[in-house]
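> Take this structure first; my questions come after.
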Amino acid sequence: MNITINNKTVEVSGQKPLIEELRQIGYDIPSLCYDANAKHQASCMVCMVMNVANGQMIPSCSTFPTEGMQIEVDSEEVLSMRRMSIELLLSDHRADCEAPCTIVCPSKIDAAQVLLHYDRGQMNEAFSLLSSVVDVNNIPCADCKAPCEKACRRGTIDKGVSIRQIMMEIASMKDAKSVDAHSQANLSKDVFASKLGRYTDAEKEWLKEVYSQPSKCLHCACEGRDKCKLRECATKAQIKSPRYGVSSRQVVKEQIHVKDNLYFEPAKCIRCGLCVYNSQDGFTFKHRGFDMQVVIPEDSKKNVDEKIADICPTGALFIQ
Amino acid sequence: MTDCKDCKLNSPEEAKLAMERRADAIIDRVGTSRDVIIPLLQAIQQEFNYLPSDALNRVYERTDIDRAQMISVSSFYSQFRMVPYGKHTIKVCVGTACHVKGANNVYDAFKRELAIADDSITTDDQQYSIEKVACLGCCALAPVVQIDNNIYGHVQPGKVREVLDEFEEFCKNASQADGDDDNSNGPVQGEVRLGMENCCKASGTAEVYDAVVEACKALGINVKIKPISCVGACNQVPLIDVASPDGNIVRYPNIKPQEVKEILLHHFKPASRLRRLRNAILNQIDTFHTDQTWDNILFTSEKDRTQKINSFLKGQYRISTEGFGHLNPLDIDEYINFGGFEALKKVLAENNRQNVIDEVLKSGIRGRGGGGFPTGRKWQMVAANASDAKYVICNGDEGDPGAFMDRILLESYPLRVIEGMIIAAFAVGASEGVFYIRAEYPQAVIRIRKALDMCRQKGLLGNNICDSGFSFDIRVFEGAGAFVCGEETALIASIEGKRGFPHLRPPYPAQSGLFDKPTLINNVETLSQISYIIRKGADEYVKVGTEGSRGTKVFALAGKVNHGGLIEVPMGTTLRQIVEEIGGGIEGGEALKAVQTGGPSGGCIPAELCDAEVDFDALNKMGAIMGSGGLVVLSESSCMVDVARYFLNFTSEESCGKCTFCRVGIRRMLDILDKLVTGKAKMEDLDRLEELANSIKKSALCGLGKTAPNPVLSTLRYFRNEYEEHVNGICRTGSCKHMVKLEITDDCVGCTKCARSCPSEAIEYTPYKKHVINTDACTQCGLCIDECDYDAIKKTPSMERTPSKL
């Protein structure tokens, strides 16, 4: 069948949703809630195109082409609407892509990652990561004014993490083995970085209690940022600081252990429902409207598979 | 501890077992498949007053319903609750009409009166629970409160104690006047007709009914007391019609129980002369000694009163409400004598489906649910799809706050709606029908159930209807409280036992609807017009209405209008005619500011455009929509920003949450409106608001989202100056509490009435001196204003700023 894309008539099979047809032709259509190999329902609207007939935006992931259909896929209006949908999602996404300490480090140490290894007792990994960036025998932290400690979010709760001291402690390890350890941080100015905003008083109390490991680090960096499609879309849409302030009713940094190494962090969830539609008596929606959440009942945790993390478009579902 | 039989029986284990047994009985009755979850939960809640976890565990063990589905569904619908409620539930209606008349103050007043803590909804003694509900559909009586099954109209914050006393009194002598009248012996001398809808009962018809029964007994006259369908003149109730045997009907609006005897004596002869004499004397004494009777006789003549109601009824045209005022809703023989089921029999006798569809097409009728899609085309689409099973659904999920047309049609003309549905089913070839009625309309559910039974008994429903070989039956599905389920795909999802998530169309329900079968969904009002079209012919039908919108439209007229009520007018009537002629103008002699049509999906039409003829296309052009037909009249004292925020708050609570623009976008719009009504907004916020609104209109997935910005867009279009004033900290109407304060003027004589009435102790008790309001403690409930006899308390601006630079 023939459809018109940006004023050009194109032949398509008509068997696949628009997004697949468009991608096949070579258009770069972003999407979050769509996965070709999984059950899905239109939600994020990031893949929208304009139906010229009535000026309405339609999700290309769930619309099948019809004979004579006319669409616009990258007009100024379409792009700005896609951008708005991403900005709206970001306003309900309480998370840091990168940790403040890593961002500000003058010596480019991924302090957040080192601290994560440190708290998990992975001392060899911590040492190796540190030594891949700096000379451990002459560590710059010794004379540094420690902007990392000033940026540390823990400081807004009680006392910032003594990052410098911990770095020096790791650097001075005598029996450390060299292992494979690398940083996930992407600090390029062209890459979007979500910012968390402020903790509420209740959250501060809660965080103080839960994050009580040796370093007291809150582990701000997102563990799913490598695969995060939301970040990718925001980067492509060249969003620097979203227009709508973050306000969400989700508790920040609440990480729910689902099963084995699978964790769920609701504050990062964009409610696309992929995990809901693709688990049997597993993840489910609760409440409605802006208060709608994705939850997992305690008795249903056993029904989910670790692989579900792969289809989550954000870092809300991740493998630790 | 000693052995105690009773203690043993009441041990936790015993109680749990007993609960499980009760749950089991419900499961046995309702079923075990996943699609019965909503009726199952409704039955459990009815039994236990909430959803106890032990009962739910039984559901997991014994049915196909799992935890994921349970959480998903039970948390989506507002009807379900996981915590026990008090013995009685107080529902405060916050529909549009009630909102503009101060429903929130009423809610606060109940909470204060019952000493319910801020974070709680139930009294400490577990007697009362209180909640806000979207709309009870009694808009003409606003503000309205429902306690259990009793409805109270015109509830002001100061009358809260009175209402509770009345309810407690009712509980004590819970004898009900409702039900069938049993006539005593002797020939029937005539008929007394009264509307016994919920809203009529709320405004005193129940007492009048009692008075009629009593008076008949006392006077020894034998008249038939007949509950009838809604007359629509909600502002004139209690209202009775007295029909003499000679066919004369005299209408008495606004009567009081004390007047009943007099009226009856006027029309009917008491049994014996002696009794008559005695009654005449007694009656005279009554007349002279009750001031209520005096009141009416002296100040409003009967003629005056009747005239008022006649002007209300003039200009109306009856199709959906044909036979108003004399048809008993549940008298099937009377309905048949009146021409009921003629259309159905005609259709079945002709036995030509295409003819029926052609007739409906020719009539030009468009769906009354809001969108205005041509009904005939919908029928054609469903009929064209070959399938082993097809469904017809009657959409009675009227969720618009400020609308009650469907409720009245279902309660007053159940048989007409059913007839329309059977004809539709025949035309499209469906074998099963579902009545989807929202749970907030219990009376409608009861009446439709009764009416369906009657139809089955008469062979009008079920196997081989009227020996035509056509079989069709209808079941009732009670909605569980979700506005979005008025959207057809969400409604279908809810019948299937899922969350009310709409899905993208196509596929349309006509192709793949309920259980993936072709499904016809029509609104209550649409179906109620079908029998007329078939009986009188499309040629007759097209004579009514305008070119693009044929027939009549039923509206729920409410808000700040003198005579609110249910009206049916030909398409093309102007809004001004409706407000001025039928509605009798604006309350309190104020000027008309705007008319809000179409509820949360519609818009505000300013007074200067109210001369436009009302039909689908004209309203769309003005930025509003027909919607299902709520007309809320707004006067000078209504704040347009507050009205816009009210609707947006409603849609944000009712949004299903599926797509980004509706879930988050509407929330962000609400953020800006919240800033506006608290005086924190900046001028550029108005542009952001408009940008968001236009984007949501284009990009939301379903009708709810796409139309949700309409109230904001239309008010921005016609009342932008008011938005700008709010940016500058001014709300001229005093509706936005943050921008006004209450002040006592020099007219105060120091009578202390205000100080005594103030529930938050914001006014110091200073006899004979001018009183002063402590603004910090004042909650602006307005009780003192009502109490003050000297009109000495005024709302004044509290945060006016110099206009900010543009």
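All of the numbers you see were taken from the coordinates with simple rules; none came from a lab. From a predicted model like this one, the values you see are computed outputs, not experimental measurements. Neighbour counts run over all protein chains shown; Cβ positions are idealised from the backbone, glycine included.
> In square nanometres and to one decimal, what's the mean projected area of the convex hull around the Cα atoms of the range B:17-74?
For the range B:17-74, averaging the hull's shadow over all directions gives 3.3 nm².
> Once amide H atoms are built 1.01 Å from N in the peptide plane, which residues 5 or more positions from B:K390, or in another chain, come under 5 Å H to H?
Here the answer is B:S431, B:E432, since their amide H atoms fall under 5 Å of that of B:K390.
> What fraction of the Cα pairs in the range A:2-131, stated in percent, has a spacing above 27 angstrom?
For the range A:2-131, the fraction of Cα-Cα distances above 27 Å is 43 percent.
> Compute the acute angle (0 to 90°) between the alpha-carbon long axis of helix A:201-210 and the principal axis of greatest extent of the alpha-carbon atoms of chain A; round to the nearest 10°.
60 degrees
> Taking the Cα atoms of the range A:96-221, what is the range of coordinates along each of the three principal axes, in descending order and whole Å?
42, 35, 27
> Is the range B:639-735 rounded, prolate or oblate when judged by the Cα gyration tensor, a ≥ b ≥ c being the square roots of its eigenvalues, rounded requiring a/c under 1.5 and prolate requiring a/b larger than b/c?
It is prolate, given that a/c is not under 1.5 and a/b is the larger ratio.
> Just tell me which lysines come within less than 22 Å, Cα to Cα, of A:K208; anything on the same chain fewer than 8 places away is out.
A:K150, A:K159, A:K195, A:K216, A:K253, A:K268
> Here is a follow-up. Could you point to the residue in B:I582, B:A618, B:C604 farthest towards the positive end of the range B:546-633's charge dipole, with +1 and -1 charges on the Cβ of Lys/Arg and Asp/Glu respectively?
After comparing all options, I get B:C604.
> Let me ask another. Tell me, what ³J(HN,Hα) does each residue in the range B:647-656 have, in order and in whole Hz, if you take phi through Karplus 6.51 cos²θ - 1.76 cosθ + 1.60 with θ = phi - 60° and put x for Gly and Pro?
My calculation for the range B:647-656 gives 5, 5, 4, 4, 5, 5, 6, 9, 4, 6 Hz in order.
> For the range B:332-541, what is the Kirkwood estimate of the hydrodynamic radius, computed as the reciprocal of the mean inverse distance between distinct Cα atoms, to one decimal in Å?
The answer is 16.8 Å.
> Multiply the residue gap between B:T796 and B:A117 by 0.36 nm, knock off their C-alpha separation, and tell me the result in nm, one decimal place.
Stretched out fully, the B:T796 to B:A117 stretch lengthens by 241.4 nm.
> I would also like to ask the following. How big, on average over all directions, is the shadow cast by the Cα convex hull of the protein assembly as shown, in nm²?
Mean shadow area of the hull around the Cα atoms is 56.2 nm².
> Restricting to Cα pairs below 8 Å that are 6+ residues apart, what does the relative contact order work out to for chain B? Please round to a whole percent.
This gives 10 percent for chain B.
> OK, next. Would you mind counting up the charge near B:G370? Only other residues with Cβ under 12 Å from its Cβ, with Lys and Arg at +1 and Asp and Glu at -1.
Charge balance near B:G370 sits at -3.
> For A:I86, what is the net charge nearby, where nearby means another residue's Cβ is under 13 Å from its Cβ and Lys, Arg count +1, Asp, Glu -1?
+4
> Could you tell me what fraction of 2.2 N^0.38 Å the Cα radius of gyration of chain A comes to, as a two-decimal ratio?
1.13
> Shifting gears a bit: Indicate the gyration tensor shape class of the range B:22-125 (rounded, prolate or oblate), computed on the Cα atoms with a ≥ b ≥ c the square roots of the eigenvalues: a/c under 1.5 is rounded; otherwise a/b larger than b/c is prolate and the rest oblate.
prolate
> Also: Just to confirm a number: summing +1 for Lys and Arg and -1 for Asp and Glu over residues other than B:M571 whose beta-carbon lies under 11 angstrom from that of B:M571, what do you get?
-1
> Mind checking the dipole of the range B:17-74: about its Cα centre, +1 per Lys or Arg Cβ, -1 per Asp or Glu Cβ, Debye to the nearest 20?
60 debye
> Could you give me the radius of gyration and the Dmax of chain B, taking only the C-alpha atoms into account and expressing both in angstrom?
For chain B, the Cα radius of gyration and maximum Cα-Cα distance read 27.6, 86 Å.
> Let me ask another. From the phi angles alone, apply the Karplus equation (6.51, -1.76, 1.60; θ = phi - 60°) to the range B:376-390 and give each ³J(HN,Hα) in whole Hz, x where the residue is Gly or Pro.
Each residue's phi maps through the Karplus curve to give x, 5, 4, 4, 4, 4, 5, 4, 6, 8, 6, 6, 6, 9, 9 Hz.
> What pairs in B:K314/B:K553; B:K769/B:K795; B:K101/B:K132; B:K101/B:K658; B:K101/B:K593 have C-alpha atoms more than 24 Å from each other?
B:K101/B:K658
> Further question on the same structure: Can you list residues from other chains, or at least 5 along the same chain, whose modelled amide H is less than 5 Å from the amide H of B:I240?
B:Y252, B:I255
> Quick one: putting +1 on the C-beta of Lys and Arg, -1 on the C-beta of Asp and Glu, what dipole do you get for chain A around its Cα centre, in Debye to the nearest 20?
Here the size comes out at about 720 debye.
> Taking H placed 1.01 Å from N in the peptide plane, check which residues at least 5 places from B:K741 or on another chain put their amide H under 5 Å from its amide H.
B:T796, B:S798
> Right, another one. Per residue, what volume in Å³ does the Cα convex hull of the range B:738-797 take up?
66 Å³
> From the phi of every residue in the range B:436-449, what ³J(HN,Hα) in whole Hz does the Karplus formula 6.51 cos²θ - 1.76 cosθ + 1.60 yield, where θ is phi - 60° and glycine or proline is x?
Going residue by residue, I get 9, 10, 5, 5, 6, 10, x, 4, 5, 4, 4, 5, 5, 4 Hz, with x marking Gly and Pro.
> What does the helix-only formula give at 222 nm for the protein assembly as shown: each DSSP H stretch with n ≥ 4 adding -39500 (n - 2.57), the total divided by the residues, and the result rounded to the nearest 500 deg cm²/dmol?
-10500 deg cm²/dmol
> For the range B:100-172, just say rounded, prolate or oblate: build the C-alpha gyration tensor, square-root its eigenvalues into a ≥ b ≥ c, call rounded for a/c under 1.5, and beyond that prolate if a/b exceeds b/c, oblate if not.
oblate
> Estimate the FRET efficiency between B:T678 and B:D124 by the formula 1/(1 + (r/R0)^6), using the beta-carbon distance for r and 30 Å for R0, to the nearest 0.05.
0.35
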